[in-house]
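Engineer: First the structure, then my questions, so here it is.
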Amino acid sequence: CLVFIPGQLDTTCHAFVGETVVLPCTTTAPGELTKSRLYWQIGTKIVHFFQNGQDSLKAQDKHFRGRTSLFLDQMKHGNLSLKISNVQLLDNAEYTCIYKQTNDYQTKKSKIKLNVS
């Protein structure tokens, strides 16, 4: 993935149909995972949601069901990246990574564009 100047898109990633891609998202202050929420979204569509220390995929968009995962062992070190397997043409979109701690009003956001070919 290529990292761009802040203020525009943070990152652009490229993948081919059928591949696995990792959309990067990191935080320097991960805090306590049991008191955190991590949303991966396309607009208002939920691609992956993590809360209270675990995946919470009830509201996940059905197009992504069974194809997304986080690096659970690395989250405590600030790696909030999303892995999407078996990439589809419909995955071509702008993703937002939103990280929020329950006891902190600060929300960290980054935007990642995925180009699928």
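Engineer: Full extension from residue 92 to residue 52: what is 0.36 nm times the residue separation minus their Cα-Cα distance, to one decimal in nm?
Structural biologist: Using 0.36 nm per residue and subtracting the Cα-Cα distance, I get 11.5 nm.
Engineer: May I ask you to give the percent of accessible area on region 28-117 that is carbon plus sulfur, with a probe radius of 1.4 Å?
Structural biologist: So the carbon and sulfur contribution to the accessible surface is 51 percent.
Engineer: Skip the ligands, DNA and RNA, and give the accessible area per residue of region 1-108 with a 1.4 Å probe, whole Å².
Structural biologist: In whole numbers, region 1-108 has 59 Å² accessible per residue.
Engineer: Kirkwood hydrodynamic radius, computed over distinct alpha-carbon pairs, for region 68-117: how many Å, to one decimal?
Structural biologist: 12.6 Å
Engineer: Dipole of region 11-116, Cα-centred, from +1 at each Lys and Arg C-beta and -1 at each Asp and Glu C-beta, to the nearest 20 debye?
Structural biologist: My answer is approximately 220 debye.
Engineer: Summing Lys, Arg as +1 and Asp, Glu as -1, what charge do residues with Cβ under 14 Å from the Cβ of residue 27 carry, residue 27 excluded?
Structural biologist: Computed value for this residue: +3.
Engineer: Cut-off under 16 Å on the C-alpha distance; same-chain residues fewer than 8 positions from residue 113 excluded. Which lysines are left, in chain and number order?
Structural biologist: Hits, sequence-local ones excluded: 45, 83.
Engineer: So, one more: Take the alpha carbon atoms of region 34-54, find their center, do the same for region 78-95, and report the distance between the two centers in whole angstrom.
Structural biologist: 13 Å
The values are calculated or read from the model by the stated rules, or taken from the named source; none is laboratory data. All values reported here derive from a predicted model rather than from experimental measurement. No Cβ is skipped: glycine too gets one built from the backbone with ideal geometry, and neighbour counts run over all protein chains shown. Heads up: the accessible areas ignore ligands, DNA and RNA and are worked out on the full protein's heavy atoms, side chains in. Shrake-Rupley method; radii C 1.70, N 1.55, O 1.52, S 1.80 Å.
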